[in-house]
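**Student:** Got a structure for you, written out below as structure tokens; questions coming shortly.
The values are calculated or read from the model by the stated rules, or taken from the named source; none is laboratory data. Given the structure is predicted, the values throughout are model-derived calculations rather than measurements. Cβ placement follows ideal geometry from the backbone for every residue including glycine, while neighbour counts extend to all protein chains displayed. The area values use the complete protein model at the heavy-atom level, side chains included, leaving out ligands, DNA and RNA. Shrake-Rupley method; radii C 1.70, N 1.55, O 1.52, S 1.80 Å.
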Amino acid sequence: MVDGGTPPSEAIKVVSSPELRLLGHFRLECDAEPVELCHNGQRLLAFVALRRRVSRTVLAGTLWPEVTEDHARGSLRTTLWKLPRGRQPLIRCCGDSLVTADTLDIDVHVFTETALSVVQGCGPPPTTRLPQGLLRGEDLLQGWGEEWVLLERERLRQLRLHALDVLAETFVQVGKPALALEAAWASVRTEPLRESAHRAAVSAHLAEGNLIEAVRHYRSFQRLLWEELGVEPSPQFARMLARHGWRSSGRVTPD
């Protein structure tokens, strides 16, 4: 139970380890069945789950910034009261802080651990497949526009892009250019103007000996970059192709 008192008779009973999905649309499940929460309950659970531990003052002030501190704390108590309960609550008290239950499976943390292990090179080098969590590219809490969501969403987006860049480079190094292209294109779809993703795709083409594909990709990106920003790809990018005997004809011209 959270915050003391007797749970209301209408409270939803959670009898097994729940799963919280924050990538894509908010979803709380128990036994593969969705558990409905009010919007404030979703916001509260999502905020605490992202941070794992947060003080009541920070939580109340973030979720209810337009009201007085007393009013915000009252809203926090009410929302906590309405959360599902079971053998272990979703959120437990720890002094003046709230922490998520150890039994709560949170997809964002699984994604973060996977992406960080790729970026840091902690795990075994991939040889046969791409981590699906990195390929899907679902935004955090789609449709939510609060500032704390936007900041965390951008952090996760950048982490995913860096992990995909590293994956693409690693697959080229281990002789898996097709998988390198999958990683590179996943990054390009997320951010079409990101040069490192396009360099990864060109590197994969060159690893296969497909110079014409590499040149075609470079020229396509060169045109996109000029049309959108009025700038050229970096000299580093052009040198990748020059090492294979291709020389750029210069700046692209509009059709």
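**Student:** For the chain, set up a Gaussian network in which alpha carbons nearer than 10 Å are linked by springs, and say which option among P177, P84, P233 fluctuates the most.
**Tutor:** Maximum fluctuation in the GNM of the chain, among the listed residues, is at P233.
**Student:** To continue, here is another question. Only Cα pairs under 8 Å and at least 6 apart count here; give the relative contact order of the chain as a rounded whole percent.
**Tutor:** Values: 307 pairs, mean separation 39.2, N = 255.
Averaging sequence separation for qualifying contacts and normalising by length gives 15 percent for the chain.
**Student:** According to a simple spin-label model (label point 7 Å from Cα along Cα-to-Cβ), what is the distance in nm between Q120 and E146?
**Tutor:** With each label placed 7 Å out from Cα toward Cβ, I get 2.9 nm.
**Student:** Determine the relative contact order of the range 181-255: mean sequence separation of Cα pairs under 8 Å and six or more apart, normalised by residue count, in whole percent.
**Tutor:** Numbers: 53 pairs, mean separation 17.2, N = 75.
That works out to 23 percent.
**Student:** Next up: Any idea of the accessible area per residue across the range 133-255, 1.4 Å probe, to the nearest Å²? Write out the running numbers ahead of the final one.
**Tutor:** Working: 6540 Å² over 123 residues.
About 53 Å² of surface per residue is accessible.
**Student:** Here are labelled values, (1) -0.33, -0.61; (2) -0.38, -0.69; (3) -0.55, -0.79, and one is the computed log10 I(q)/I(0) by the Debye sum over Cα atoms at q = 0.09, 0.12 Å⁻¹ for what I pasted. Which one?
**Tutor:** (3)
**Student:** For R85, which sequence-distant residues (separation of 5 or more, or a different chain) have an amide H within less than 5 Å of its own amide H, given hydrogens modelled in the peptide plane?
**Tutor:** I12, V14
**Student:** Please give, to one decimal in nm, the separation of the simple spin-label points placed at Q132 and D70, each 7 Å out from Cα toward the Cβ.
**Tutor:** 5.2
**Student:** Can you list the residues, at least 5 places off or on another chain, whose amide H is less than 5 Å from the amide H of Q142, using H built in the peptide plane?
**Tutor:** Residues meeting the amide H criterion: G24, H25, F26.
**Student:** Roughly what % of DSSP beta bridges within the chain run antiparallel, to the nearest 5? Write out the running numbers ahead of the final one.
**Tutor:** Working: 13 of 17 bridges.
The antiparallel proportion sits near 75 percent.
**Student:** From the phi of every residue in the range 181-196, what ³J(HN,Hα) in whole Hz does the Karplus formula 6.51 cos²θ - 1.76 cosθ + 1.60 yield, where θ is phi - 60° and glycine or proline is x?
**Tutor:** Those phi angles translate into 5, 4, 5, 5, 5, 4, 5, 4, 4, 6, 9, x, 9, 7, 5, 4 Hz.
**Student:** Now, a different point. Using a 1.4 angstrom probe on heavy atoms only, work out the carbon and sulfur share of the accessible area of the chain in %. Mind showing how you got there, number by number?
**Tutor:** Working: 6870 of 13560 Å².
Its accessible area is 51 percent carbon and sulfur atoms.
**Student:** Still on this model: About the Cα centre, and with charges only on the beta carbon of Lys, Arg (+1) and Asp, Glu (-1), how big is the dipole of the chain? Nearest 20 debye, please.
**Tutor:** On the way: 31 positive and 32 negative charges, 116 e Å.
Charge dipole of the chain: 560 debye, to the nearest 20.
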